[in-house]
Amino acid sequence: MDPILVLVLIFLISLWLYHRWNHRHLFALAKKVGSSRLQMILGFGPILSSKTIIQKGLENAEKLGQDHLCYIGPYPQFVTGDPDTIKDILTSKLCVFKGDLTYTGLNHALGKGILTMQGSEWLQHRKLIDPAFKPSKLVEFLSIFNKKVKRIFEDMDKCHQMKNSYDILVYCREYTIDVTGETVLGKDFNETTEVNVKHYAQLITRNLKYISDISFKVFYHNNFILNLANLTIFKGARITSEFLANLIDKNIDYYSDGNQPTSQNVKTKDNLVIATVLEALKNDTIGRHLAISSMVHVFSAAFETNSSTMYFVMLMLAMHPEYQERAYAEVCEVFPENDDGEFELTYEHITQLSYLDMFIKETMRLFPTIPHFGRLVVGGDLRLSSGAVLPEGLELIINVYNVHHNKDVWGPHANIFNPDNFLPANMENRHPYAFIPFSKGIRFCLGMRYAEIVLRVTMAKIIKRYKFSTTAKLEDLEIHNHISIQLKEHPPLTIERRANSNKI
């Protein structure tokens, strides 16, 4: 045999043996959970895109099981859509680190902050931010939420029939920027030239594409390629976060000088989200750069969660007229006056709108804003309740979309929209980690209650004022993942003012 060929064979065998030894813990895990034999041998898998990742996740779960091991390019991933496994991971102190692969885009677009911090640094920072979202402060925001809905009323009153519903998504984004600006910074963007809300909504949309490309296209995980891209094709993509950081920086100076909010809807700066950061800066428990980037994170997260969910709620109202009328009847029962949706909701009112609550939750089940998120095993191996062991250093993907569509959890009609899924009797015996639109466990979303309240206030008013309809069906929607869940195409949508309202 040719000596060169022998050397090549020896080299390849040595390389393969090294790979086997270096990944021995993964091979042991592969015997306990589903996996692709070919991917395990090669140490390489398909490179997914934002267009294919949700569908591929469903296919892998069907073929390999809800718990499975796979490769995305050269990166091994443990993926789960099983509520027991998700609980094991999200309640473990070994899994408080965010996954590198899934959060690379956020780090580059927004900088280090509350969404991407790790370990003890995250825990310390979380304690500083938590008071911003305590119940008493959220109740103070109710007056802002009530007043700000007038903005989206003005936009929607100009609409009647749309060839596609993208305009509604734009209105939702502009509205949530307006609301977030006032609750976080105490700024009424309609009364200042600092922010062009329409332009800023466009910038954020561009930023989502930037984050998505970096996260899902694995070649951008090479620092050289990413830095080159930032100087060329992504040159303008960070304008959004840089603009917001400058705005927050100015407001820190403004409030540090003893000034009060310019918005008439805010009584004192102490009621604002930024107040917690001002206090931390005053006590030297946080650096200025980190304070600014964390407010950028809070602003961005609030914006996308609320605008995306509002949009999908309106689509579901249009696609399910019988459920829409039930939600409308409930709102009319609580607010019987002929008020065009211009009533004032209190916290007590929100607790009375149980069907609206079920409707919003069912929308978030089928269309979770963040369909996947990542964790990293750090500090030791994690033994799951199933007996499988996740080795230290392994990246984990919590497939929210899959667990929300899991027929073993939600029944044979898991892909059908049905608010009754959230009737108390139906939820009683359901796994507590079967519904996780805001994550859960140790690193649950700190803005969860904020989002729940603003969504219910906004949608109660909109449902009282408008009726939605469309010719599109639920099965027509093609889902993509651009960090947040998006539609490939936006269906036509008709908006009518209700009979008890002034006609368009």
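The values are calculated or read from the model by the stated rules, or taken from the named source; none is laboratory data. Note that this is a predicted model, so its numbers are computed, not measured. With ideal geometry, Cβ positions are generated from the backbone for all residues, glycine too; neighbour counts draw on all protein chains shown.
Observations, loosely collected:
Table: residues versus (1) within 23 Å of the chain's Cα centre (by Cα); (2) at pLDDT below 75; (3) among the small types (G, A, S); (4) surrounded by fewer than 18 Cβ atoms within 10 Å (Cβ to Cβ).
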position	(1), (2), (3), (4)
G236	no, yes, yes, yes
F243	yes, no, no, yes
N246	no, no, no, yes
K250	no, no, no, yes
D253	no, no, no, yes
Q260	no, no, no, yes
K267	no, yes, no, yes
L272	yes, no, no, no
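- Among the conditions (1) of a type in the set (V, I, T); (2) assigned to a helix (DSSP H, G or I); (3) closer than 30 Å to L115 by Cα, V266 misses just one, which is (2).
- Taken over the range 258-299, the residue count meeting the criterion of being closer than 17 Å to L138 by Cβ and either free of Cβ contacts under 8 Å to residues at least 24 places away in the same chain or in contact with a strand residue (DSSP E or B) (Cβ under 8 Å, 6 or more places away or on another chain) (or both) is 2.
- Residues being surrounded by fewer than 19 Cβ atoms within 10 Å (Cβ to Cβ), hydrophobic (A, V, I, L, M, F, W, C) and touching a residue at least 60 places away in the same chain (Cβ under 8 Å) - total across the range 87-131: 1
- Among the residues making up the range 102-142, those that are of a type in the set (K, R) and in a helix (DSSP H, G or I) are R126, K127, K137.
- Qualifying residue in the range 86-100 (condition: aliphatic (A, V, I, L, M), at pLDDT below 85 and in a helix (DSSP H, G or I)): no
- Flag for G57 being closer than 18 Å to F373 by Cβ, in contact with a helix residue (DSSP H, G or I) (Cβ under 6 Å, 6 or more places away or on another chain), part of a loop (DSSP other than H, G, I, E, B) and touching a residue at least 24 places away in the same chain (Cβ under 8 Å): no
- Pair list, Cβ under 8 Å, 6 or more apart: the range 300-328 residue touching a residue at least 60 places away in the same chain (Cβ under 8 Å), other residue among the acidic types (D, E): M316/E362
- A search for C-beta distances below 7 Å between a residue of the range 143-158 that is assigned to a helix (DSSP H, G or I) and any residue that is surrounded by fewer than 16 Cβ atoms within 10 Å (Cβ to Cβ) and among the charged types (D, E, K, R), counting only pairs 6+ apart in sequence or on different chains, returns N146/E344.
- Residue within the range 203-218 that is at pLDDT below 75, surrounded by fewer than 16 Cβ atoms within 10 Å (Cβ to Cβ) and more than 19 Å from the chain's Cα centre (by Cα) present: no
- All positions within the range 479-493 that are assigned to a loop (DSSP other than H, G, I, E, B) and under 24 Å from D82 (Cα atoms): I483
- One residue stands out in the range 480-500 among those that are hydrophobic (A, V, I, L, M, F, W, C) and buried (at least 17 other Cβ atoms within 10 Å of the Cβ): the one that is farthest from D155 (Cα to Cα), namely I483.
- Scan of the range 141-162 for residues that are among the polar types (S, T, N, Q) and more than 25 Å from P491 (Cα to Cα), ordered by number: S143, N146
- Where helices (runs of 4 or more DSSP H) fall wholly inside the range 390-478, the ranges with 3 or more residues that are more than 23 Å from the chain's Cα centre (by Cα) and surrounded by 21 or more Cβ atoms within 10 Å (Cβ to Cβ) are 448-465.
- Listed by first and then second residue, the pairs with beta-carbon distance under 9 Å, at least 6 apart or on different chains, first residue in the range 18-33 and more than 9 Å from P391 (Cβ to Cβ), second among the basic types (K, R), are F27/R20; A30/R37.
- Total residues in the range 36-94, condition over 15 Å from E395 (Cα atoms) and touching a Lys or Arg at 6+ places or on another chain (Cβ under 6 Å): 1
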